[in-house]
Amino acid sequence: MQKRKKASATDERKKELDRLISTLEKVPAFGAETLFEAIQSFMLLWSVMCLEQAPNPFAFSVGNADRIFEPYRAKEMLSREESAALFKHFLLFFNVGSRSWAISQNILIGGKDNAGNDLTNPTSFALLDAYYAMNFPQPILSVKLHKNTPDCMYQELGRFFFTPGCLTPSLFNDDAVFSMGGIWR
C-alpha cells in the first residue's frame, strides 16, 4: 500500500509519507527525539491503551501534555506556530470523520509543582493555539490555574471565553487541589 500511495502522490506528499514511514519505523521502540516523533509515539501508545480497555476506552486523561511534549519542542527550538501546527495533527487524531471518539478524554496544561512554581511553558500556549484553531469538543482541554499563574495565560484564555461559538476549556484551581492533597496523606 505504501508504494501505491507514494506512486500517486505529489512530491510534497511523498516527503510527508517518507517522514511518517521513517518515524513509525523508529518510535516507540527506539524513542523519540523530535516533537513530531513524540506525538507519533504518543498516538501509537494511546491506541494500545484504548485497545486494552475495549469495548469502553473512555475517560482517559492524557495528563499534562505541555510537560510531556515541552522537552521535545525545546530541543528543536520550534516556534509557537510550528508547534501548534503539530498539535493540530495531535488533536485531529482524537477525531474520526465528523465524530470524536475521545469521549471524556482530557488534556491538561498549566499548573504548579510541589514548591508552587508555575509550570506553564511555550508548549502550553502552542496547545492553546491548536485547540482554538480546531475548536473540537473532544478531547477536553483543562487548564490548571493557581496564584502564580502568569497574567499572559489569563490573557490567552480570554479569546476562548469571548469568541462566540468557541468551546471553552475547563478551569481547575491547582491551589485547592494541592491543599486537598494533605488530607489524603
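Tabulated data for the structure shown
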item: Region 77-126, residues that are under 20 Å from residue 40 (Cα atoms), in contact with a Gly (Cβ under 7 Å, 6 or more places away or on another chain) and either in the same structural domain as residue 42 (by TED's automatic domain parsing) or modelled with pLDDT of 95 or more (or both); result: 124
item: Failed item in (1) modelled with pLDDT of 90 or more; (2) surrounded by fewer than 19 Cβ atoms within 10 Å (Cβ to Cβ), with residue 146 passing the rest; result: (2)
item: Number of the condition not met by residue 178 [criteria: (1) touching a residue at least 60 places away in the same chain (Cβ under 8 Å); (2) under 22 Å from the mean Cα position of the chain (by Cα)]; result: (2)
item: Residue list for region 1-42, restricted to those being within 17 Å of residue 71 (Cα to Cα), surrounded by 13 or more Cβ atoms within 10 Å (Cβ to Cβ) and out of contact with any Pro (no Cβ under 7 Å at 6 or more places or on another chain); result: 27, 28, 32, 33, 34, 35, 36, 37, 38, 39, 40, 42
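The values are calculated or read from the model by the stated rules, or taken from the named source; none is laboratory data. Everything quoted here is computed from the prediction, not taken from an experiment. All Cβ positions, even for glycine, are placed from backbone atoms using ideal geometry, and neighbour counts span all protein chains on display.
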